[in-house]
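What follows is one structure encoded as structure tokens, with my remarks underneath.
The values are calculated or read from the model by the stated rules, or taken from the named source; none is laboratory data. What you see is a predicted model; the values in this text were computed from it and never measured. We place every Cβ from the backbone using ideal geometry, glycine too, and count neighbours over all the protein chains shown. Accessible surface is based on the protein model in full, side chains and every heavy atom, while ligands, DNA and RNA are left aside. Shrake-Rupley method; radii C 1.70, N 1.55, O 1.52, S 1.80 Å.
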Amino acid sequence: LAEPLEPLQVDGNRPAMSVVLVSPDTFTTLRRTVRFLRAQTVRPRIELILVGPTREALNDRDPSETQGFHSVKTVAAGPIDNVDKAAACGVYQVSAPVVALVEDHAYPDPGWAEALLEAHRGPWSAVGSTVLNANPDTALSWTNLLLAYGTWVAPVRGGETRSVSRHNISFKRSALAGYGTRLEEYMGRDGGLLQRMLARGDRFYLEPAARIYHANFSLLRPSLLLRFNGGRISAATRA
């Protein structure tokens, strides 16, 4: 599956945006997010790419759940222990000039995709979404959201920036093509994809109208485990 992206010839029959979703198990994990994607104002222009351990693992869906998109692809990534790296398997299969990565616990506003496409008319290699709280009733949920996404939590001022969230982000396909088979490595949590892009002169943009709701841990034990393990990853990356 680690195939470099070929140059894309854009024509009227292609989708405008490819959205990549990764499930480490079955379609059930993605069901709610797909429901929000079906509500997009530009749904007929979206190519939906579902990545799972096998194609058969994603068969627990009713055909009606993925109707109305420009097209739907399923991609087998093998056993998935890192959803960020597995997303690269989906990126290799995109047909659109813009590719967005969405987490299985993130829920886009209806105008999210349209706002990203409009922003990508500019010279930006990556366009970031603004983040809202999908489960705002507890202090722990807000704590986890602000720790992970504080810079991009609405309300925010849009414009060119050197800082966009690594998750729930969109790219011009052409900006990723140059990484070839190393894209999977760079897309991992410790791969430094965005830093590499900045170093070569790519430009980023934050789009306030591209609103996406993020569900956060709201119980103490999983929150502590999340932060502890995140700290270990950060320390290992710095070392």
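Only one entry in 109, 104, 84 is acidic (Asp, Glu) and at pLDDT below 95, namely 84.
Out of curiosity, is residue 164 open to solvent by less than 70 Å² (accessible area, probe 1.4 Å), touching a Phe, Trp or Tyr at 6+ places or on another chain (Cβ under 7 Å), assigned to a loop (DSSP other than H, G, I, E, B) and β-branched (Val, Ile, Thr)? Judged against the criteria, residue 164 is a match.
For the condition of a type in the set (A, V, I, L, M, F, W, C) and part of a helix (DSSP H, G or I), residue 233 qualifies.
For the stretch 72-95, the set of residues classified as in a helix (DSSP H, G or I) and among the aliphatic types (A, V, I, L, M) consists of 83, 86, 87, 88, 91, listed by residue number. Among the criteria (1) farther than 16 Å from residue 216 by Cα; (2) surrounded by 20 or more Cβ atoms within 10 Å (Cβ to Cβ), the one residue 145 does not fulfil is (1).
Considering only residues in the stretch 169-183 that are open to solvent by 10 Å² or more (accessible area, probe 1.4 Å) and farther than 15 Å from residue 122 by Cβ, the one that is modelled with the highest pLDDT turns out to be 173. Looking at the structure I just gave you, is residue 211 without any contact (Cβ under 8 Å) to a residue 24 or more places away in the chain, under 28 Å from residue 49 (Cα atoms) and either outside any loop (DSSP other than H, G, I, E, B) or of a type outside the set (Phe, Trp, Tyr) (or both)? When the stated conditions are applied, residue 211 does not pass them. In the stretch 148-161, of all residues being assigned to a helix (DSSP H, G or I) and farther than 12 Å from residue 213 by Cα, the one that is most open to solvent (accessible area, probe 1.4 Å) corresponds to 151. If the condition is being within 19 Å of residue 15 (Cα to Cα), touching a Gly at 6+ places or on another chain (Cβ under 9 Å), open to solvent by 20 Å² or more (accessible area, probe 1.4 Å) and assigned to a loop (DSSP other than H, G, I, E, B), then the stretch 33-71 contributes only 41.
Applying a threshold of 6 Å to beta carbon distances and a minimum spacing of six or more residues, or different chains, the list of pairs starting in the stretch 42-55 at a residue that is closer than 17 Å to residue 25 by Cα and ending at one that is assigned to a loop (DSSP other than H, G, I, E, B) and open to solvent by less than 10 Å² (accessible area, probe 1.4 Å) reads 52/23.
Residue 169 meets the conditions (1) on the phi > 0 side of the Ramachandran plot; (2) in contact with a Ser or Thr (Cβ under 8 Å, 6 or more places away or on another chain) in every case but one. The failed one is (1).
Among the criteria (1) free of Cβ contacts under 8 Å to residues at least 40 places away in the same chain; (2) closer than 18 Å to residue 90 by Cβ; (3) more than 16 Å from the chain's Cα centre (by Cα), the one residue 193 does not fulfil is (3). Out of the stretch 187-205, which residues are part of a loop (DSSP other than H, G, I, E, B) and under 12 Å from residue 166 (Cα atoms)? Once the filter is applied, which keeps residues that are part of a loop (DSSP other than H, G, I, E, B) and under 12 Å from residue 166 (Cα atoms), the stretch 187-205 yields 188, 189, 190, 191, 192.
For residue 166, are the conditions met, namely being over 16 Å from the mean Cα position of the chain (by Cα) and under 30 Å from residue 93 (Cα atoms)? Considered against the rule, which asks whether it is over 16 Å from the mean Cα position of the chain (by Cα) and under 30 Å from residue 93 (Cα atoms), residue 166 comes out as no. Residues in the stretch 10-32 that are among the aliphatic types (A, V, I, L, M) and loosely packed, with under 14 Cβ neighbours inside 10 Å: 10 only. For residue 131, the stated conditions hold: it is crowded, with 22+ Cβ neighbours inside 10 Å and within 25 Å of residue 18 (Cβ to Cβ). Of all residues in the stretch 56-71, those that are over 23 Å from residue 96 (Cβ atoms) have Cβ atoms under 8 Å from Cβ atoms of residues that are part of a helix (DSSP H, G or I), 6 or more apart or on another chain, in 57/27; 59/27; 60/27; 60/28.
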